[in-house]
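Since every read-out is calculated from the coordinates, none of them should be taken as a lab result. Values in this document were obtained by computation on a predicted structure and should not be read as measured data. Every residue, glycine among them, receives a Cβ derived from its backbone with ideal geometry; neighbour counts consider all protein chains shown.
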Amino acid sequence: PQALGSHNDQQSTWQALGPEGVKIGWGGHLGDLVASSNTNTVFTSISVSGNAVFSAGETVFQYQVGGGGATQIGGLTGNLFGSSTAAATLKNIVTGTNAHLFANEYGAIVKRSVDAQATFQTAFAASTVPGGAALQYVQPSTNQTQNNGLAQQLQTVARIIAARNGLGTKRQVFFVSMGGFDTHDGQNMNQADLLARISHALGYFDTALAGLAGGDMRNNVTLFT
């Protein structure tokens, strides 16, 4: 691989078969192929771990969400500087049509984002998947119970799968991630914890899919790393 000593380039190579700067990833390629199965193609390729080239397609955009769902653009609803009129005016400015080509394209993109967030959040809020103590694992080196960030990401994925009818999707690609594997001389201590987190997260996800709203989804989901 190119740039073998560069962490960023190696992550990009794993996700997209090219060093940093490559535009389309494996998940995005899959998304391009399956998007026609979805009524709403906006939610075809979803990253629960920030901006990732893995999720970017040629025609499919990656849609980024967090544990609370999609992030809303601030100031477009409710009161802005104490005025509901100001919020509505701002929304009209940033989503409206414009004679200037760049401004018009910007407005179209922002409007798509606002509409998608509203659709996503409605379906996501109605979807529940068990969490709480189920998202905690036992850290093997300390024997202490801790929250598992990877399990939390997979809980979000499970909630999105459960909300598929409201989102208008049948085929989706998801991206989650967990760092910490550049262990250097901490390998003996850290590797056990890393693998314990993965083991717990995958077990949690399997259980969540088995009891998902709408039935057991385990035979409809492929997970790989």
Task: Cα convex hull of the range 131-225 - mean projected area over all directions, nm² - done: 6.6 nm²
Task: Student exercise, the range 82-187 dipole from Lys, Arg, Asp, Glu Cβ charges, in Debye to nearest 20 - done: 520 debye
Task: Over the range 152-192, equivalent-ellipsoid semi-axes from the Cα gyration tensor in Å - done: 35, 9, 6
TODO: Work out, step by step, the length gained on full extension between ALA108 and THR39: first 0.36 nm times the residue separation, then minus their alpha carbon distance; give nm to one decimal.
DONE: 22.9 nm
Task: With 5 Å bins from 0: P(r) over the range 42-131, alpha-carbon pairs, percent - done: 3, 12, 17, 19, 20, 16, 9, 4, 1, 0
Open item on the list: Nearest 500 deg cm²/dmol is fine: what mean residue ellipticity at 222 nm does the chain get from its DSSP H runs of n ≥ 4 alone, each adding -39,500 (n - 2.57), divided by its residue count?
Closed with: -14000 deg cm²/dmol
- [ ] Using R₀ = 30 Å, calculate the FRET efficiency as 1/(1 + (r/R₀)^6) where r is the Cβ-Cβ separation of ALA88 and SER6; round to 0.05.
- [x] 0.05
TODO: Enumerate the aspartates and glutamates that LYS170 could reach by cross-link, defined here as Cα to Cα under 17 Å, with residues fewer than 8 away along the same chain left out.
DONE: ASP32, ASP216
TODO: Work out how far the C-alpha atoms of the range 80-151 reach from end to end along every principal axis, then list the three figures in whole Å, largest first.
DONE: 62, 30, 24
Task: Sites GLU58 and ARG171, calculated FRET efficiency, Cβ-Cβ separation with R0 25 Å, nearest 0.05 - done: 0.95
Open item on the list: Can you tally the net charge around PHE120? Count Lys and Arg as +1, Asp and Glu as -1, for every other residue whose Cβ sits under 13 Å from the Cβ of PHE120.
Closed with: +2
TODO: Only bridges with both residues in the chain count here: give the DSSP antiparallel percent, nearest 5.
DONE: 50 percent
Task: Sorted largest first, extent of the range 1-85 alpha carbons per principal axis (Å) - done: 55, 35, 20
TODO: Under a cut-off of 16 Å between alpha-carbon atoms, report the lysines in cross-link reach of LYS111, not counting same-chain residues fewer than 8 places apart.
DONE: LYS91
Task: Distance (nanometres) between label positions extended 7 Å along Cα→Cβ at SER199 and THR122 - done: 4.4 nm
